[in-house]
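Engineer: Following this message is one structure expressed as structure tokens.
The values are calculated or read from the model by the stated rules, or taken from the named source; none is laboratory data. Just so you know, these numbers come straight off a predicted model, no measurement behind them. Here the Cβ positions follow ideal geometry from the backbone for every residue, glycine too, while neighbour counts run over all protein chains shown. Remember, those area values only see protein heavy atoms, side chains included, never the ligands or the DNA or RNA. Shrake-Rupley method; radii C 1.70, N 1.55, O 1.52, S 1.80 Å.
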Amino acid sequence: MNKKTYLVKVAYLMDLSDEEYQEIGDNLIPELENEMTVRQHLKLKWESSSTILLDSETMNCGRCFKCNSWVTDREKPDSIDELNNGAVVDDQLLCDECLPENHRWAF
């Protein structure tokens, strides 16, 4: 049987204070990985883990004006693949659920 390797990315968003993040420290990723359950016949091999502090001042991300979900503006450079699609309409960043129905990135 010819097998191929698939990269499966899972993204979590967590609201933590600096103190909470420091308290969890290096245990955050292993704890999340232990929460995931996979059918026994699938063999998962850990490859890497990372965390990114979202900063709407320096990164292409922000909160949807209507629903407050995290979103990246797909019409600007450096979009963040793990966040919901979004775009700016009438000077307001909107997620794909809140964009006007006829918008290119609307869900």
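Engineer: I'd like to check something: does the range 33-50 contain any residue that is among the β-branched types (Val, Ile, Thr) and open to solvent by 60 Å² or more (accessible area, probe 1.4 Å)?
Structural biologist: Of the range 33-50, the ones among the β-branched types (Val, Ile, Thr) are 37-38.
If we keep only those that are open to solvent by 60 Å² or more (accessible area, probe 1.4 Å) as well, we get 37-38.
For the range 33-50, residues among the β-branched types (Val, Ile, Thr) and open to solvent by 60 Å² or more (accessible area, probe 1.4 Å): present.
Engineer: Okay, moving on. Filter the range 7-37 for residues that are closer than 25 Å to Val71 by Cα and in a loop (DSSP other than H, G, I, E, B) and give the result.
Structural biologist: Leu7, Val8, Lys9, Val10, Ala11, Tyr12, Leu13, Met14, Asp15, Leu16, Ser17, Met36
Engineer: Then there's this: If you check every pair at least six apart or on different chains, which have Cβ atoms under 7 Å apart with a residue in the range 84-107 that is on the phi < 0 side of the Ramachandran plot first and a residue that is polar (S, T, N, Q) and part of a loop (DSSP other than H, G, I, E, B) second?
Structural biologist: Close Cβ pairs satisfying both conditions: Asn84/Ser69; Cys95/Ser69.
Engineer: Same structure, new question: Name the single residue, out of those in the range 61-74 being loosely packed, with under 14 Cβ neighbours inside 10 Å and either assigned by the TED database to the domain that holds Lys9 or touching a residue at least 12 places away in the same chain (Cβ under 8 Å) (or both), that is farthest from Lys9 (Cα to Cα).
Structural biologist: Only one residue tops the list, namely Lys66.
Engineer: Looking only at the range 44-88, filter to residues that are at pLDDT 95 or above and of a type in the set (Phe, Trp, Tyr); which one of those is nearest to the chain's Cα centre (by Cα)?
Structural biologist: For the range 44-88, the residue satisfying everything is Trp70.
Engineer: Right, here's the next one. Return the residue satisfying two criteria in turn: it lies in the range 9-21 and is more than 11 Å from Leu53 (Cα to Cα) and touching a residue at least 12 places away in the same chain (Cβ under 8 Å), and of such residues it is farthest from the chain's Cα centre (by Cα).
Structural biologist: For the range 9-21, the residue satisfying everything is Lys9.
Engineer: In addition: Quick test of your reading of the structure: Leu28 fulfils all but one of (1) surrounded by 10 or more Cβ atoms within 10 Å (Cβ to Cβ); (2) modelled with pLDDT under 85; (3) under 14 Å from the mean Cα position of the chain (by Cα). Name the failing condition by number.
Structural biologist: (3)
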